[in-house]
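The values are calculated or read from the model by the stated rules, or taken from the named source; none is laboratory data. Remember, it's a predicted structure, so these values are computed and weren't measured experimentally. Because the Cβ atoms are built from the backbone with ideal geometry, glycine has one as well, and the counts that use them run over all protein chains shown.
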Amino acid sequence: MSVTVVGSLNEDVLVAVDRLPGRGETVVARAATAAPGGKGANQAAAAGLLGPGVHMVGRVGEDAAGHRQLAALAASRVNVGRVLRTAGAPTGSATIPVEEGSGENLIVVVPGANGRLTPEDVDVASVREARVLLLQLEVPMAAVEAAARIATGTVVLTPAPPQPLPAGLLGRVDVLVPNEHELVELAGAGPGDRSPAELAELARRVTPGAVVVTLGARGALVVPSDGGPVVLQAPPPVVAVDTTGAGDCFCGALGQALASGAGLPDAVRHAVAAAALSTTGPGARGALPDEDAVRALLPRVPEATASAELRFTGRGTGHSPIRSVNRRGGTP
């Protein structure tokens, strides 16, 4: 197996609005549509469409929504044998207003069965034997920590929704993938525009390991763990319809690329192309690309830019440079 995802499965309700509401404001929506979602399931679906050997570990309710989530993942070539039905809890849900024109969104999540995932649930072969393990924080922290602890492959963590990360968990993460807002919160910094150098410094406050900061339309910032140059990877030009789930597509594509043996900068280049394509349709999975579509777009991805002043002196971190997918078992 190449990629295993431990995380959430939700039913999304996408609400089309002319503009996103402010605090205390009411806006009238144009339409509402139900669609499969959840950060974990979105990442698994993206990875499944890009390559074989993807497994999902999580929980859904004993309801119609749960059946729909499992069917949607199976249609994306994801093995759902370790997604458990949960009595007495509904399948998780998310309400997502999406601004027409810009594609920007807000997300409100009700965890439901996702909140019942236990450390025992994740102690399975598909977690232990995965070449890449993708984690997020829409399931209980104890389950996330347990999965990272037993993994033998590369561990990739999306710290969303942001919350304090236990030192023991960070010590087992090979690649941390926050967006800019999550990075600022994790680093305890204030709001404001920041240069790549400043973002890299914030990343170093959080962990000495590898960090990939997703920056939306600006692409992604790669902060390596081996003292190499920080690299800014811009995305290819696309016409965005809906940015919902673009970060999840990025992580799914990153996981598949790492599992195939790509180094971190090349994996990020691949993930930026996939995420850009994912914004060209509605919903978190409305435009997830396959591998052929990503490869066709790669020639239009700008070359990454690196700056000498963004170099860091290597430190003993317990992390290896991400040039292979298995930090414990050697290069595949």
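General remarks:
- Residue selected from region 216-239 under the condition surrounded by fewer than 19 Cβ atoms within 10 Å (Cβ to Cβ) and of a type in the set (A, V, I, L, M), by the criterion farthest from Val98 (Cα to Cα): Ala234
- When the test is whether a residue is touching a residue at least 24 places away in the same chain (Cβ under 8 Å) and closer than 14 Å to Gly40 by Cβ, Glu138 passes it.
- Count - residues of region 26-63 that are in a strand (DSSP E or B) and either of a type in the set (A, V, I, L, M, F, W, C) or within 25 Å of Gly88 (Cβ to Cβ) (or both): 14
Residue-by-condition table, conditions (1) of a type in the set (A, V, I, L, M); (2) farther than 29 Å from Arg77 by Cα; (3) touching a residue at least 24 places away in the same chain (Cβ under 8 Å):
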{"residue": "Val175", "(1), (2), (3)": "yes, no, yes"}
{"residue": "Glu180", "(1), (2), (3)": "no, yes, yes"}
{"residue": "Val239", "(1), (2), (3)": "yes, no, yes"}
{"residue": "Asp248", "(1), (2), (3)": "no, no, yes"}
{"residue": "Val268", "(1), (2), (3)": "yes, no, yes"}
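- Among the residues making up region 1-25, those that are assigned to a loop (DSSP other than H, G, I, E, B) and among the polar types (S, T, N, Q) are Ser2, Ser8.
- Residues located in region 116-154, provided they are of a type in the set (S, T, N, Q), part of a loop (DSSP other than H, G, I, E, B) and surrounded by fewer than 24 Cβ atoms within 10 Å (Cβ to Cβ): Thr118, Thr152
- Of all residues in region 192-209, those being buried (at least 16 other Cβ atoms within 10 Å of the Cβ), small (Gly, Ala, Ser) and closer than 17 Å to Gln233 by Cα number 2.
- Given (1) more than 29 Å from Arg77 (Cβ to Cβ); (2) of a type in the set (Lys, Arg); (3) in a loop (DSSP other than H, G, I, E, B), number of the condition Arg204 does not satisfy: (3)
- Gly48 being modelled with pLDDT of 95 or more, buried (at least 22 other Cβ atoms within 10 Å of the Cβ), within 21 Å of the chain's Cα centre (by Cα) and on the phi > 0 side of the Ramachandran plot: no
- Failed item, numbered, when Ala234 is tested on (1) more than 13 Å from the chain's Cα centre (by Cα); (2) under 19 Å from Val155 (Cβ atoms): (2)
- Single residue of region 93-115 satisfying the filter (in a strand (DSSP E or B) and of a type in the set (Val, Ile, Thr)) that is surrounded by the fewest Cβ atoms within 10 Å (Cβ to Cβ): Val108
- For the criterion of being hydroxyl-bearing (Ser, Thr, Tyr) and in contact with a Lys or Arg (Cβ under 6 Å, 6 or more places away or on another chain), Thr91 fails.
- Yes/no for Ala240 being among the aliphatic types (A, V, I, L, M), over 25 Å from Ser2 (Cα atoms), assigned to a loop (DSSP other than H, G, I, E, B) and at pLDDT below 95: yes
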